[in-house]
1. So which residues in the stretch 178-223 are touching a helix residue (DSSP H, G or I) at 6+ places or on another chain (Cβ under 9 Å) and either buried (at least 20 other Cβ atoms within 10 Å of the Cβ) or touching a residue at least 60 places away in the same chain (Cβ under 8 Å) (or both)?
2. Among the residues of the stretch 361-372, write down those that are assigned to a loop (DSSP other than H, G, I, E, B) and either in contact with a strand residue (DSSP E or B) (Cβ under 6 Å, 6 or more places away or on another chain) or loosely packed, with under 13 Cβ neighbours inside 10 Å (or both).
3. Looking at the stretch 248-279, which of the residues that are β-branched (Val, Ile, Thr) and open to solvent by 50 Å² or more (accessible area, probe 1.4 Å) is nearest to THR231 (Cα to Cα)?
4. Taking the residues in the stretch 121-133 that are more than 16 Å from THR197 (Cβ to Cβ) and surrounded by 17 or more Cβ atoms within 10 Å (Cβ to Cβ) as candidates, determine which candidate is modelled with the lowest pLDDT.
5. Mind checking which residues of the stretch 360-400 are among the β-branched types (Val, Ile, Thr) and at pLDDT below 85?
6. Identify the single condition in (1) open to solvent by 50 Å² or more (accessible area, probe 1.4 Å); (2) at pLDDT 85 or above that TYR282 does not satisfy, given that it satisfies every other one.
7. Filtering the stretch 134-159 down to residues that are at positive phi and surrounded by 13 or more Cβ atoms within 10 Å (Cβ to Cβ), which residue is modelled with the highest pLDDT?
8. Restricting to the stretch 162-198, count the residues that are among the charged types (D, E, K, R) and modelled with pLDDT under 85.
Amino acid sequence: MYSKLTRFNVAALLAAVLFAFATVAEAQISAVVTHVGEIPDTGSISAMLSATTSSGLTVGAEYEFTTPSGKAGRIIIKDTFDGGAVALVAEMSGPAPVAGDTLSLVREWEESAVEGGAARTETLRSSAQKIGPEDVLRIKSFPVGQLPDIVTVRPDGTLSLPHVGSFTAAGLTVYAAGDVIQERMKEYFKRPWVEVTLEKQKTERVRIFGEVTVSHWRVSGPGEYELPKPTRLTDFIATVGGLTDRADRKNIKIMRADGTEIMADVNAAAANLLSEANPVLYGGELVYIPAITSRQTRATVLGRVGRQGIIHLDTENAFLTEAISSSGGLSPDADMSGIIVVRNISGERVSLKVNFRDILSGKTESDFALAADDVIFIAPVADRQRAVDKFNSLIKEALPTLNLLLLLDRLKD
């Protein structure tokens, strides 16, 4: 009897061990890395895998990988197709995988891990840089040779490709554009795969006005700056000199190129740099930093001065001379005898003409006092009337909302 039980226990134990080995073998997937690339806007490593058992790979799931050479880490499956998959390398121990490496993949089965992998994938997709007009894109695709490797977005923001047709790429992330191309290619190919990355981004410019610190040892302060790529607000502020002590950090206004406005809070952004309180800036936008104190008179100075834009003056010192000085002084070709000040009086727009030359020479007993939200325009001496007529026409559109983007763009020579 004892002998029979012993033989039975040994057989059961052997069956359990064989079942465990079979389960592990089934859970493991072998894949060969065929292509590796780096996504510029996120720094993530993307790998294309060739696997005979790709049906076992789940989009959004995480897999631990090891290689015969000792490399290890985790990947997140981004997409699958017949015979392979596309993955993002989420974690590495040692060198990154390269083309030709054989990966042994084991899925992390915990539900929270799967959900976390999908969430991280979505975060990478949503935080990617957006495509703009005249950006240069690099396209990797399967089947190979059906799409150009390098394409340039048209000035109107559209992109035209074989087997895809034309679509609006400007405003899409590189992931979203890849999804559009891949979906349209399904009409001609069974299992297409597409990856889009930014090869070169057109340099854009952003304007900033208000309470920005001016430094004497580097380019800083209110003005217009190059924005080589989309940059978060806090990073942009740091590059232009930072904010003054009077800045209202909780109520920063950003005027988008399409005319919409959003508010930002750099104090809240300090706790989470990827939050909505710290938005990404794009070319053609304007950032306005208001003053926190109410004892400030705001005015807008346009035309022939060193720096056009919104200024804040202490209420007790809100005079035309101070406004021009705070804007970098007059240009050599400025018409000092006919400076225009537009003021809102009881809901009506009134245009006042000030002879600044008389103020400087002492012919006028006192300086010209400014009121809140005055708009000051200094015309050039040459062709003065044309410039004044243009300003008067534009001011009707800009007031009372004071669309500064409109004024600055259309008052250019």
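1. Scanning the stretch 178-223 gives PRO192, TRP193, VAL194, GLU195, VAL196, THR197, LEU198, VAL206, ARG207, ILE208, PHE209, VAL212.
2. Selection gives GLY362, LYS363, GLU365, SER366, ASP367, PHE368, LEU370, ALA371, ALA372.
3. We begin by selecting, within the stretch 248-279, every residue β-branched (Val, Ile, Thr); these are 252, 254, 260, 262, 266.
Of the ones still in play, those that are also open to solvent by 50 Å² or more (accessible area, probe 1.4 Å) are 260, 262.
On the way: THR260: 18, ILE262: 16 Å.
Per the stated criteria, the residue is ILE262.
4. The selected residue is THR121.
5. THR364, VAL388, ILE395
6. (2)
7. Applying the first criterion (at positive phi) to the stretch 134-159 yields 134, 145, 157.
This time we only want the ones that are surrounded by 13 or more Cβ atoms within 10 Å (Cβ to Cβ), so: 134, 157.
Details: GLU134: 83, GLY157: 87.
Per the stated criteria, the residue is GLY157.
8. Residues that pass the stated criteria total 2.
The values are calculated or read from the model by the stated rules, or taken from the named source; none is laboratory data. Just so we're clear, the structure is a prediction, and the values are computed from it rather than from any experiment. Cβ: placed from backbone, ideal geometry, glycine included. Neighbour counts: every protein chain shown. Remember, those area values only see protein heavy atoms, side chains included, never the ligands or the DNA or RNA. Shrake-Rupley method; radii C 1.70, N 1.55, O 1.52, S 1.80 Å.
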